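The values are calculated or read from the model by the stated rules, or taken from the named source; none is laboratory data. Computed from a prediction, not measured in an experiment: that's the story for all the values here. Cβ: placed from backbone, ideal geometry, glycine included. Neighbour counts: every protein chain shown. For accessibility, only protein heavy atoms count, side chains too; no ligands or nucleic acids. Shrake-Rupley method; radii C 1.70, N 1.55, O 1.52, S 1.80 Å.
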Amino acid sequence: MARLHVMERSHAQAVMDDLHDALGRRLAARSLAPCPVEFTAALVNLCSTQSCGKCTPCRVGLRALSDLLEDVLANRATMETIDLIEKTANTIYLSSDCAIGYEAGSMALMAVRGFRDDFEHHVREHACGFAENERVPCVAGCPANVDIPGYISLVEAGRYTDAVRLIRKDNPLPIVCGRVCEHPCEMHCRRGIVDDPLNILALKRYATDHMEHDYRPVMAEPTGRRVAVIGGGPAGISCAYYLALMGHTVTIFEQRKHLGGMLRYGIPNYRLPREDLDQEIQWILDCGIEVELEHAVDGAELERMRADFDAVYLAIGAHNDKKLGLPGEDAEGVVSAVQMLRAIGDGEMPDFSGERVVVIGGGNVAMDVARSSVRLGAEKVIIAYRRRICDMTAQDAEIAGAEAEGCQIMELNAPVRIETTDDGRVAGVVVQPQIIGAPRRGRPAPRAAAAPEQLIACDRVIVAIGQDIDSAPFEAMGVPCSWGRIVTDSDGAVPGFEGLYSGGDCQTGPATVIRAINAGKVAAANIDRHLGFDHNIELDVELPPVQFKGKRLCGRCELKERDAAERIGDFEMAEIGLTEEEAHQEASRCLRCDHFGFGAFRGGRNFQW
């Protein structure tokens with residue numbers, strides 16, 4: 001009889017691994033509108049199956065909690081039942097021996113406290129009161145509500161111009177978004193339950209890269225109403241576009257030399273080529289939109305515009321840099337990411353030849369300036385970040401791209417001060433090693449480790465810790481602001497200022513391109529209503545018939561990048577688009593949730609807005 005046995009993966013383990021993978025994919029394909037009570041009950045039941053049975057709170061408590069939740073779902077509960085659910089969950093959380101029990105209690109406690117009104121609705125009405133507004137998961141997950149299954153079906157059919165027409169019903173910047181959108185739609189794609197989510201971003205880019213011919217949108221009859229749009233970023237451009245389609249006369253006032261906002265002054269050419277951006281903006285301006293460049297608007301001029309125009313949309317973005325607040329920050333050689341990218345956006349390329357550069361920050365902007373520094377000739381680029389790499393807010397692809405191009409990431413190092421030479425130039429950044437700790441504001445927070453400070457010698461420091469909004473001129477004239485952001489009603493209207501609307505980064509704080517586009521779209525609809533009209537932007541493309549193709553497994557086609565050694569020598573586009581074969585295979589993977597599932601009985605799509 002052997003004393004020990006070599007561990008082998010049994011058939012049962014293999015099957016269980018597959019089941020775990022399937023469960024993980026289903027959880028990753030997040031639904032936007034599950035019933036909170038049903039979802040909580042499912043989580044508690046899952047946790048109960050994992051219990052070892054050693055401690056009573058987990059073994060008995062989770063089953064009791066499951067029964068109480070079932071009472072709510074089966075219409076047997078009272079308001080006292082909800083109180084008992086909260087007490088039971090809290091007891092399990094406080095007294096279980098291991099993570100299985102106390103985390104299950106914590107999740108249930110979070111749900112019953114966060115969704116108490118939904119629990120109470122179940123008790124009163126014997127039905128779920130959660131607002132289920134989900135038509136198609138990917139569409140509901142897109143801030144602009146683009147008809148994703150529709151344009152993917154057009155890509156599959158080879159009708160690329162029609163695909164772009166359909167996208168522009170809800171998003172006037174498909175060329176831009178096909179390159180830089182953060183694609184939140186993909187995390188809700190139900191194809192992820194089967195194998196991998198669709199590469200929606202790449203399919204949008206393929207459609208814009210392969211339009212067969214140009215076209216012009218349908219324009220409403222002129223209304224004689226004039227609207228001023230202050231700010232030429234994605235929010236302002238989107239608002240101007242839809243207002244122009246509705247027949248209004250629109251003028252964009254932009255304080256810089258070019259339109260585009262952070263699309264031009266925050267995203268480098270290797271991610272968003274300037275010729276593509278210029279092409280898209282010009283196509284929109286050809287709808288009859290007037291532009292005044294290098295025209296800054298202060299509070300006094302805003303008042304004049306409110307008198308001269310029938311409505312004003314304030315979309316000034318977030319273009320002010322944030323300061324570190326550290327000694328030595330004013331030294332020569334310390335620049336903000338905003339300053340650097342703004343200069344590059346105007347074609348003024350700095351020379352970093354032979355320099356050692358330290359970038360402070362961990363977001364997409366930090367990756368952008370680090371990768372740009374390599375292209376500008378820097379000898380060495382170090383990204384100093386006070387948290388872990390896994391805590392960075394930058395997209396994984398951007399982090400991987402920076403590392404592939406030779407940027408070094410020093411995680412868990414917080415800047416303390418900037419050392420300078422006798423003549424006031426940067427000599428280095430002093431950092432304090434950190435140790436990660438308990439969560440604060442949703443992320444594990446670092447604290448100083450029991451380790452000595454370190455000096456990172458460098459010639460230049462680039463600060464990329466976020467952007468602020470220059471709202472002071474408008475706040476001085478009485479425009480309501482909170483934490484530097486312009487306050488609006490849900491329709492984008494500024495309270496107390498008739499005909500004044502605002503949106504984009506100046507209202508939400510720095511966010512994504514697609515959220516800014518949605519803000520402009522919403523404002524256009526509500527400004528049109530304010531002006532006394534009810535124009536609709538309608539679907540004018542006939543979609544291919546739906547064919548059920550089965551659910552054969554197929555991997556996801558990913559975008560490739562030019563070799564790192566090649567791409568660091570220029571600012572040309574780093575990513576390579578899908579081939580025709582890849583695009584058609586990827587489009588064929590769509591499960592057409594606009595027709596099957598929810599789409600079968602909820603309409604599947606919005607034909608107008």
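Name the single residue, out of those in segment 526-579 being assigned to a helix (DSSP H, G or I) and in contact (Cβ under 8 Å) with a residue 24 or more places away in the chain, that is surrounded by the fewest Cβ atoms within 10 Å (Cβ to Cβ). Write out each step before concluding.
Pass one, segment 526-579, residues assigned to a helix (DSSP H, G or I): 526-530, 564-567.
Right, trim to in contact (Cβ under 8 Å) with a residue 24 or more places away in the chain and you get 526-528, 530, 564, 567.
Details: ASN526: 20, ILE527: 29, ASP528: 25, HIS530: 20, ALA564: 14, ARG567: 21.
This residue is ALA564.
Please go through (1) closer than 30 Å to LEU500 by Cα; (2) free of Cβ contacts under 8 Å to residues at least 40 places away in the same chain; (3) hydroxyl-bearing (Ser, Thr, Tyr) for TYR385 and return the number of the only condition it doesn't satisfy.
Every listed condition holds for TYR385 apart from (1).
Which of (1) of a type outside the set (Ser, Thr, Tyr); (2) surrounded by 15 or more Cβ atoms within 10 Å (Cβ to Cβ); (3) out of contact with any Leu (no Cβ under 8 Å at 6 or more places or on another chain); (4) not in a helix (DSSP H, G or I) does LEU62 not meet, given it meets every other one?
Here LEU62 meets the rest and fails (4).
Per-residue answers, yes or no, for (1) farther than 30 Å from ASN171 by Cβ; (2) assigned to a helix (DSSP H, G or I); (3) aromatic (Phe, Trp, Tyr):
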site	(1), (2), (3)
ASN90	yes, yes, no
TYR93	yes, yes, yes
TYR102	yes, yes, yes
VAL112	yes, yes, no
ARG124	yes, yes, no
GLY129	yes, no, no
TYR151	no, yes, yes
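Any residue at all in segment 239-246 that is assigned to a loop (DSSP other than H, G, I, E, B) and open to solvent by less than 10 Å² (accessible area, probe 1.4 Å)?
Narrowing segment 239-246 to residues assigned to a loop (DSSP other than H, G, I, E, B): 246.
Still in the running and open to solvent by less than 10 Å² (accessible area, probe 1.4 Å): 246.
The answer is yes; a qualifying residue exists.
Cβ-Cβ distance below 9 Å, separation of 6 or more or different chains: which pairs start in segment 503-522 with a residue that is modelled with pLDDT under 95 and end on one that is assigned to a helix (DSSP H, G or I) and of a type in the set (Lys, Arg)?
The qualifying pairs are GLY504/ARG515; ASP505/ARG515; THR508/ARG515.
Does ARG387 count as of a type in the set (D, E, K, R) and closer than 22 Å to CYS181 by Cβ?
Values: of a type in the set (D, E, K, R): yes; closer than 22 Å to CYS181 by Cβ: no.
Criteria not met by ARG387.
Count, please, the residues in segment 207-226 that happen to be hydrophobic (A, V, I, L, M, F, W, C) and within 29 Å of the chain's Cα centre (by Cα). Even if it seems obvious, please write down each step before you answer.
Start the filter on segment 207-226 by keeping residues that are hydrophobic (A, V, I, L, M, F, W, C), which leaves 207, 211, 218-220.
From what's left, within 29 Å of the chain's Cα centre (by Cα): 207, 211.
Number satisfying all stated conditions: 2.
So for segment 345-362 (the condition being within 21 Å of the chain's Cα centre (by Cα) and part of a loop (DSSP other than H, G, I, E, B)), does at least one residue qualify? Let's see the steps before the verdict.
Step one: filter segment 345-362 for residues within 21 Å of the chain's Cα centre (by Cα), giving 361-362.
Retained after the next criterion (residues that are part of a loop (DSSP other than H, G, I, E, B)): 361-362.
For segment 345-362, residues within 21 Å of the chain's Cα centre (by Cα) and part of a loop (DSSP other than H, G, I, E, B): present.
Take the conditions surrounded by 22 or more Cβ atoms within 10 Å (Cβ to Cβ) and either in contact with a Leu (Cβ under 6 Å, 6 or more places away or on another chain) or small (Gly, Ala, Ser) (or both) and apply them to GLY178. Does it pass? Step through it out loud before you land on a result.
On the way: surrounded by 22 or more Cβ atoms within 10 Å (Cβ to Cβ): yes; either in contact with a Leu (Cβ under 6 Å, 6 or more places away or on another chain) or small (Gly, Ala, Ser) (or both): yes.
Taking the combined requirement at face value, the residue satisfies it.
Only residues that are assigned to a loop (DSSP other than H, G, I, E, B) and within 30 Å of the chain's Cα centre (by Cα): list them for segment 281-294, please.
Once the filter is applied, which keeps residues that are assigned to a loop (DSSP other than H, G, I, E, B) and within 30 Å of the chain's Cα centre (by Cα), segment 281-294 yields ASP286, CYS287, ILE289, LEU293, GLU294.
Would you check if PRO268 is in a loop (DSSP other than H, G, I, E, B) and open to solvent by 20 Å² or more (accessible area, probe 1.4 Å)?
On the way: in a loop (DSSP other than H, G, I, E, B): yes; open to solvent by 20 Å² or more (accessible area, probe 1.4 Å): no.
Here the answer is no, as PRO268 does not meet what is asked.
Given the residues GLY288, GLY347, which is the only one that is without any contact (Cβ under 8 Å) to a residue 12 or more places away in the chain and either surrounded by fewer than 18 Cβ atoms within 10 Å (Cβ to Cβ) or farther than 30 Å from LEU245 by Cβ (or both)? I'd like the intermediate steps shown before the answer.
Numbers: GLY288 fails: without any contact (Cβ under 8 Å) to a residue 12 or more places away in the chain.
Being without any contact (Cβ under 8 Å) to a residue 12 or more places away in the chain and either surrounded by fewer than 18 Cβ atoms within 10 Å (Cβ to Cβ) or farther than 30 Å from LEU245 by Cβ (or both) holds for just one of GLY288, GLY347, which is GLY347.
Listed residues ASP71, ASP83, ASP117; which is part of a helix (DSSP H, G or I), exposed (fewer than 13 other Cβ atoms within 10 Å of the Cβ) and over 34 Å from the mean Cα position of the chain (by Cα)? I'd like the intermediate steps shown before the answer.
Details: ASP71 fails: exposed (fewer than 13 other Cβ atoms within 10 Å of the Cβ); ASP117 fails: over 34 Å from the mean Cα position of the chain (by Cα).
None of the other options fit; the residue is ASP83.
Please give the number of the condition ASP278 fails out of (1) surrounded by 14 or more Cβ atoms within 10 Å (Cβ to Cβ); (2) touching a residue at least 40 places away in the same chain (Cβ under 8 Å); (3) outside any strand (DSSP E or B).
(2)
Report the residue count in segment 476-495 for those that are open to solvent by 50 Å² or more (accessible area, probe 1.4 Å) and closer than 21 Å to LYS323 by Cα.
Total satisfying the criteria: 3.
When you go through (1) touching a Leu at 6+ places or on another chain (Cβ under 9 Å); (2) open to solvent by less than 40 Å² (accessible area, probe 1.4 Å); (3) outside any helix (DSSP H, G or I); (4) not β-branched (Val, Ile, Thr) one by one for HIS258, which number turns out not to apply?
Of the numbered conditions (1) touching a Leu at 6+ places or on another chain (Cβ under 9 Å); (2) open to solvent by less than 40 Å² (accessible area, probe 1.4 Å); (3) outside any helix (DSSP H, G or I); (4) not β-branched (Val, Ile, Thr), the odd one out for HIS258 is (2).
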